[in-house]
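The values are calculated or read from the model by the stated rules, or taken from the named source; none is laboratory data. Bear in mind that the values here come from a model prediction, so they are computed numbers and not experimental data. Positions of Cβ are generated from backbone atoms using ideal geometry, with glycine treated the same way; all protein chains shown enter the neighbour counts. All accessible areas refer to the heavy atoms of the entire protein, side chains included, with ligands and DNA or RNA removed. Shrake-Rupley method; radii C 1.70, N 1.55, O 1.52, S 1.80 Å.
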Amino acid sequence: MNVHKRIAIYGKGGIGKSSTASNVAAACADEGYKVMIIGCDPKSDSSITLLGGKRIPTILDLLRDGVDVKEEDVIFKGYKGVQCVEVGGPEPGIGCAGRGIIVAIQTLKKISKSLNEMDLIIYDVPGDIVCGGFVAPIRKGLVKEAYVLTSGEYMPLYAANNICRGLAKINTPLSGIICNSRSVSREEEIVTKFAAEIGSELMAFIPKEQIVQDCERDGFSVIEKAPDSNIAQIYRKLARAIMERDTSVMPKALDDERLRELTR
Amino acid sequence: MDNKNISIIHPRPSSIVAALYTLRDLNVDVAILHGPPGCSFKHARLLEEDGIHVVTTALDESGFVFGGHDALVNILHKVNDMFHPKLIGVVGTCASMIIGEEMHEPVMEANLDVPVIEVEVHAGYRNNTKGVLFALESALDAGIIDREEFKRQQHLLEEATNVELRHGAASKEYLAPSRGDVKYKVAQRIIELLKEGKRGITIMNAKKETGYMFADITLAVNEVAEQLGKADNIINMANIDQNLGLPRVRHHAECIMKDFEEKGLKVHEIIGGLDEYPITGTTIDQLIQEKYSDYDFAVITGVPHAIPMDHLSDMEIISVTNGPRQVLPLKELGHEHVLVEIDLHPKTLGVNHIVESEFGATLREVAKESL
């Protein structure tokens, strides 16, 4: 296996990036890939379902305590050896979370040898790229391609479209759109069309199923807790598609008018 | 080191400024500060006196909010047209680094035919030598220096940091600035010692261009000794090896040496290069042990706190520093007389000859009176 996937998953806040990221990570680990997931949200909950619901110390927690951070202090093995890292950050309303991501990413780059050994690294980034710090993984050359997660609702699509504009600006190719369904009308059709119009394609349609929520409530991914479920199969298929994917594009964002037409 | 984690509250040198000075030593023609207009003003101004152009992207409130990408691209073009530089440096500031400004993209976009050294640095590092290190790392990446010189500099920086931690400005939580002892009295004491037939060593252990002024004290001591007929009682040591350091630093050593030769001053022991002040201590200590342990006094200038006291403790020590916070640590080390050359640094920028020092001038005047 000679793959070197470095991806970031973007999308509107609350759309299911962390759930998708952990399930894809778990599915790839099942296939025997060496996987790492790096949570870049100050909430630090990206990897929680790979760790049986447990929280891990974050890079910024340790830096704040003045610890001379070592790889083993911040990288924790979760389900099937998936390496989990949380950047962490200040409490809401205090300090500067953006600077936090920059510092944490620089630290990780410096201390982690295993970064290079991974077949797949997923950067789970906060929904809103509110400042320069939130694109640090890309700017520091760690992310090679992006996936955008959306539903067929107007607001998530609006956010996805904005993200595409941003990706083009920072010169990061888009490898595909993933639809995390919220069971709205004509959803697959709308997202497929959106993907095509920005120059990309729909990689997967993940139906809304209660079982995902049930597993998360227990602190697990679907892959681990309900490996035979229909939705687990969908995540596996997506995981394989991501690992095999070799095309990406510089997305062309739609204007607001066209986007609204599309969802009507 | 137990003082490694003390919380120092006195203001101290900035790593942004350290990066600027390093760029100067690398002979950039223009340094661009990417940040607010007033950042590092005092030193930016001084560096202009030293012959390099310093400009700022002048980020304002709107720059902090919307980023300074375009401002940096524009200024790169502008300085290229205005100054026709052969080498440009771009230096970060606290403001631009906190908002996550990336300097590489604007540099790529400006696409000048001139090499650009990009230094991502802010002033929030415990040791300001970080700024030097970052600048050198970028210079290495840009192919301006080779790995061997980089390693050498890296070692010097580590030692410089340790020197400050041990007995320097980073050795205590708070050090009050002081003007040191009265120069007139100390000048009298040196003349007294010489008249008594005592033998002395001058040790110039200066940091880079500050040597232009510290060298004047070496000259003055020798002049006075000669006037008193005691020229042979003085041994001179100086860190002016002309084959060590970045080109600009070697040039300073050449200039100072030339002035010494013109004045007929003999340097008995070359103790290293002008950037080796943190590591000359061992050489000096060894030389004194082997050849000069029975000397009576020592006049140490530049970075006196870098020199171990092992074989100096029996001598009467007169030390001259340009750091007002250095007085107390030097007294604690056991230096009987500590003098401060106030505002030395600005006077040593943009020069290529030895500059008169206040203590040198005092010594010469006092000698005239006592002859």
Condition broken by residue B:227, with the remaining ones in (1) in contact (Cβ under 8 Å) with a residue 40 or more places away in the chain; (2) open to solvent by less than 30 Å² (accessible area, probe 1.4 Å) satisfied: (2)
Residue within the stretch B:82-97 that is farther than 17 Å from residue B:20 by Cβ and either buried (at least 18 other Cβ atoms within 10 Å of the Cβ) or in contact with a Cys (Cβ under 7 Å, 6 or more places away or on another chain) (or both) present: no
Anything in the stretch B:245-268 that is open to solvent by 50 Å² or more (accessible area, probe 1.4 Å) and either within 21 Å of residue B:303 (Cα to Cα) or touching a strand residue (DSSP E or B) at 6+ places or on another chain (Cβ under 8 Å) (or both)? List them, or say none. B:250, B:251, B:254, B:266, B:268
If you take the residues of the stretch B:29-78 that are among the basic types (Lys, Arg) and under 22 Å from residue B:208 (Cβ atoms), which of them is most open to solvent (accessible area, probe 1.4 Å)? B:42
I'm checking my understanding of the structure. Among residues of the stretch A:195-238 that are in contact with a strand residue (DSSP E or B) (Cβ under 7 Å, 6 or more places away or on another chain) and touching a residue at least 60 places away in the same chain (Cβ under 8 Å), which one is farthest from residue A:25 (Cα to Cα)? A:206
When the residues of the stretch A:90-126 are narrowed to those that are touching an Asp or Glu at 6+ places or on another chain (Cβ under 8 Å) and in a loop (DSSP other than H, G, I, E, B), which ends up most open to solvent (accessible area, probe 1.4 Å)? A:113
Filter result for the condition that a residue is open to solvent by less than 30 Å² (accessible area, probe 1.4 Å) and assigned to a loop (DSSP other than H, G, I, E, B), over B:194, B:136, B:175: B:175
Here the residues within the stretch A:230-252 that are part of a loop (DSSP other than H, G, I, E, B) and either open to solvent by 40 Å² or more (accessible area, probe 1.4 Å) or in contact with an Asp or Glu (Cβ under 9 Å, 6 or more places away or on another chain) (or both) are A:245, A:246, A:247, A:248, A:250, A:252
As an exercise: evaluate residue A:184 against (1) out of contact with any Lys or Arg (no Cβ under 6 Å at 6 or more places or on another chain); (2) within 14 Å of chain B (Cβ to nearest Cβ) and give the number of the one condition it does not meet. (2)
Can you name the residue in the stretch B:249-272 that is of a type in the set (Val, Ile, Thr) and in a loop (DSSP other than H, G, I, E, B) and, of all such residues, is nearest to the chain's Cα centre (by Cα)? B:271
